Each structure stands twice: as structure tokens, then as C-alpha cells.
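All remarks here apply to the structure that follows.
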Amino acid sequence: MTQTAQRPSDTYAPLYFLASVGAGGIAVSFFMWLMHWVPHPGQPVPVFEDIHAAFLGGGALMRGMIVAAVAGIAIFAFMNLRLLVWNLKRHAQWRRSPGFASFSKTNAQSQVLALPLALAMAINVMFILGMVFVPGLWSVVEYLFPLAMIAFLAIGVLAFRLYAGFLGRVLTEGGFSCAANNNFGQVLPAFAFAMVGVGLAAPAALSTVPAFAGLGLILSSFFLMTAALIAVVAMVLGFRAMMEHGANPETAPTLSIIVPLIAVLGILSLRQSHGLEAHFGAASSAGDSLVTLTRLLSVQVLFLLFAGLILIRQGYAQRFIFGRENSPGSYALVCPGVGFAVLLHFFVNKGLVEAGLIAQFGPVFWAVTALALVSQAAMIWLVLQLNRRHFGAPRALDAVAAE
């Protein structure tokens, strides 16, 4: 490892797109407060008018929550978009560098799927900004759904082109190193396709036009299956390599990428279920939602335990979060914490509360919700810590490029 007085981010890697994705995820986690705690009669999500009415008519706790949520959304949405612009500029420069050619001959080539992942997250964040800050948005939202679907489809096409470049190379030329695949890095493309799919599922849940809802159902289902197939294959290959060679310490954070993937696919499925019930008479019960969310949350917990075991035994935090080494792959730790918090909010509100197992805003409600809030707070700290290390003032640190 070499000593450098530069910032780690001065040596670019496409995994830095995850810095933008993580900030966007935290903005989404703040929107969960408004989604589940602010009344929004007449539409499935809260909009500016609902938030304004709740602020004026609510007590001190409601007002404080709204101020904190709106501030959190604004701050981390700005961070999401700022880091996206920075990444797009640096990515364009990096593609013209000699290092890009050698990078494109390695397993890490699939990391370029972090670009469409970040773009899809940014569109979701901008939609949240519109709902929270733009008065009267819901009156014109039906005109926005076709534009949003076109944008997500364009990102989906980009994702397929980038992934085809990787698959086309390794399946015709070979060169994929199974020994170096001792991580879950190859699941990243599945995460990108899932993020496109959850965006395409929004019209299914929110639109009142059956044609838009049906198209959203069909398109999002295609990307859901794409993500699921890629994830299953990548996990099998990754487990095989890890069983023989052990997990790669620098890329160990990818072992938890299943957690945000499950969160995104879970939200996608909930959106589809709402659309099926609203437009096609396929109603699901509160018990169905509870069982589905419980199964998804169980998978998240299992992979958090699995990844945590490996990260602790390898001393990852001491090396890459508090120590002298840096890796852009550290940003892969943010999405699991955010994904767990977001899905836990749905589990509590759409699962436990709607099934009648607990009372909303009761002691048990807050006891379980506290886990989501703790996870969210930890990820806020982690993002600020990583941003300071990677984008802050230059200092002599060991830079490690994640493979």
C-alpha cells in the first residue's frame, strides 16, 4: 500500500456512486416519517398540502417531527444530487484514462452498474422533493408519470448496455476470476435493476389511470425478475468463491448488499399489490402484507448477521472506517442500514398496525420503530464519517481501491 497526501476520492472508482446512493437512501428514510406518521387522506402518499395541514393542526411533537423530516430530506437530497454531479464529471474523465481499459478487463467491470443505480435513486429522490416541497403537485401528477416511466426506462436501457458489455466480455472472451469473486460485488447489477423497477412500479401504486398502472406493473415485473435472477446467480458464485478462498477484506461490505436489495424489491412488491387491488380487483389482506413483510425482514436480519460476523472477524471498521486505510467500497455499508430502517417502517405500519397486532403510536409501536430510528441515525453518522475521510481535507492515508 502506498502513502498519499491526496484525498482518497482523488483516485476515482465507480463505487463512489454509492456515496450518492447512500445519501439518497437517507433522504428516503426521512420521508418514511411523513409517509407513516402524517395523515394523507385521498392519496397513498403525503404531499405538501397534507404536511402543511398536519403542521398547522398538530401538537409540538408532530411539528417537531415534520421540521426534522423536511430538513433531513432537504439536506440529504442536496447531498445526493451534489455527489451525483461530482461522480458524473469524474466518471466521464475516468473513462478517458488509461486505467479504464485495464479496469474493464477485471471482475470489477460490473461496478459501472453503480451509475444507473445512482441515476435511478436520484429520480426517486426528486419525486420525494416534489411531493414534500411543491404545492399542487398531486393535481398534475398524472402528467408526470409517463415522463418518469420514460426516464426510468432510459436508465434501464443504460443498465442493460453496461451489463451486456460485462457479460459479453466474460462469456465470449473469458477472464472472469472465480477466485477473486469472493464477495457479493456481482450482486450490484441486481441492485441497479431493482432500483429501476421500483421507480417503474410507482405508477402502479399511485396512478388513477389503469393504463399507466398496468404498464407500470408489467415493466416493474420485468425488472424485478431481472434483478432476482442476477442476484441468485451472483450469490451462488460468490458463496462458492468465499467457501474456498475466504471473503475479501476490502470488499466485505458487499456481503450486506442483499439487505437494500430486499428492501427495494419489497417496496416494489407492495406498490404492485396496491395497484392490483386498486385497478384489477386482486385485493390482498392485512395478513398477507404482514407475512410478506415478515419474510423479507427475516432475510434482511439473516444477511445483516452474516455480513456483521465477517466484518467483525476481519476488523473492517478498525481498518477502513477508523483506521488508516480507505476504500470506496465502504459506502456499500450505508445502503444496508438504510434499507433495514425503511423496510422496518413498512413492517411496523403496513404489517403490525394494519393487521391489528399493535396500536399505532403505542409503546410497542415506538419500541420497534426505535430500531429503525437507531439504524437511520447510525447511517447518518456513517455517511458524514465516510464523506470526511474520502472528500475532506487531504491527509496521509493508505488508499485501497475496492475490486
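The values are calculated or read from the model by the stated rules, or taken from the named source; none is laboratory data. Quantities reported herein were computed from a predicted structural model and do not represent experimental measurements. Note: ideal-geometry Cβ built from the backbone for every residue, glycine included; neighbour counts use all protein chains shown.
Among residues of the range 70-110 being polar (S, T, N, Q) and assigned to a helix (DSSP H, G or I), the one that is surrounded by the most Cβ atoms within 10 Å (Cβ to Cβ) is Asn80. The set of residues in the range 192-211 that are in contact with a helix residue (DSSP H, G or I) (Cβ under 8 Å, 6 or more places away or on another chain) and surrounded by fewer than 21 Cβ atoms within 10 Å (Cβ to Cβ) comprises Thr208, Val209, Pro210.
Each residue in the range 255-281 was checked for being within 24 Å of Ala194 (Cα to Cα), without any contact (Cβ under 8 Å) to a residue 40 or more places away in the chain and either within 23 Å of the chain's Cα centre (by Cα) or not in a helix (DSSP H, G or I) (or both), and 1 of them qualify.
Residue by residue, here is whether (1) surrounded by 13 or more Cβ atoms within 10 Å (Cβ to Cβ); (2) under 28 Å from Leu352 (Cα atoms); (3) of a type outside the set (Phe, Trp, Tyr); (4) modelled with pLDDT under 95 holds:
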| site | (1), (2), (3), (4) |
| --- | --- |
| Leu296 | yes, yes, yes, no |
| Leu305 | no, yes, yes, no |
| Gly308 | yes, yes, yes, no |
| Leu311 | yes, no, yes, no |
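Matching residues to (1) out of contact with any helix residue (DSSP H, G or I) (no Cβ under 8 Å at 6 or more places or on another chain); (2) assigned to a helix (DSSP H, G or I); (3) farther than 18 Å from Leu117 by Cβ; (4) free of Cβ contacts under 8 Å to residues at least 12 places away in the same chain:
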| position | (1), (2), (3), (4) |
| --- | --- |
| Glu244 | yes, yes, yes, no |
| Pro253 | no, yes, no, no |
| Ala283 | no, no, yes, yes |
| Arg295 | yes, yes, yes, yes |
| Ser298 | yes, yes, yes, yes |
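Of the residues examined, Ile51 is one that is over 24 Å from the mean Cα position of the chain (by Cα), closer than 21 Å to Asn124 by Cβ, at pLDDT 95 or above and buried (at least 17 other Cβ atoms within 10 Å of the Cβ). From the list Gly323, Gly308, pick out the single residue that is farther than 30 Å from Leu215 by Cα, part of a loop (DSSP other than H, G, I, E, B) and without any contact (Cβ under 8 Å) to a residue 60 or more places away in the chain. Criteria check complete, one pass: Gly323.
Residues of the range 306-358 that are more than 21 Å from the chain's Cα centre (by Cα) and of a type in the set (D, E, K, R): Arg313, Arg319, Arg324, Glu325, Glu354. Among the criteria (1) crowded, with 24+ Cβ neighbours inside 10 Å; (2) in contact with a Leu (Cβ under 7 Å, 6 or more places away or on another chain); (3) farther than 27 Å from Ser298 by Cβ, the one Val334 does not fulfil is (3). Taking residues in the range 338-363 that are more than 30 Å from Met121 (Cα to Cα), and partners anywhere that are modelled with pLDDT of 95 or more and of a type in the set (Phe, Trp, Tyr), the pairs with Cβ atoms closer than 6 Å and at least 6 places apart or on different chains are Ile358/Phe365.
Looking for whichever is crowded, with 20+ Cβ neighbours inside 10 Å and of a type outside the set (Gly, Ala, Ser) here; the options are Leu137, Leu147, Leu119. Which one fits? Give the steps one after another, and end with the answer.
Details: Leu137 fails: crowded, with 20+ Cβ neighbours inside 10 Å; Leu147 fails: crowded, with 20+ Cβ neighbours inside 10 Å.
Unique residue meeting the criteria: Leu119.
Taking the range 145-182 as the range and being within 30 Å of Ile128 (Cα to Cα) and free of Cβ contacts under 8 Å to residues at least 12 places away in the same chain as the test, the residues that pass are Leu147, Ile150, Ala154, Val157, Phe160, Arg161. Just one residue in the set Val28, Val45 is in contact (Cβ under 8 Å) with a residue 60 or more places away in the chain, among the β-branched types (Val, Ile, Thr) and within 20 Å of Cys335 (Cα to Cα); that residue is Val28.
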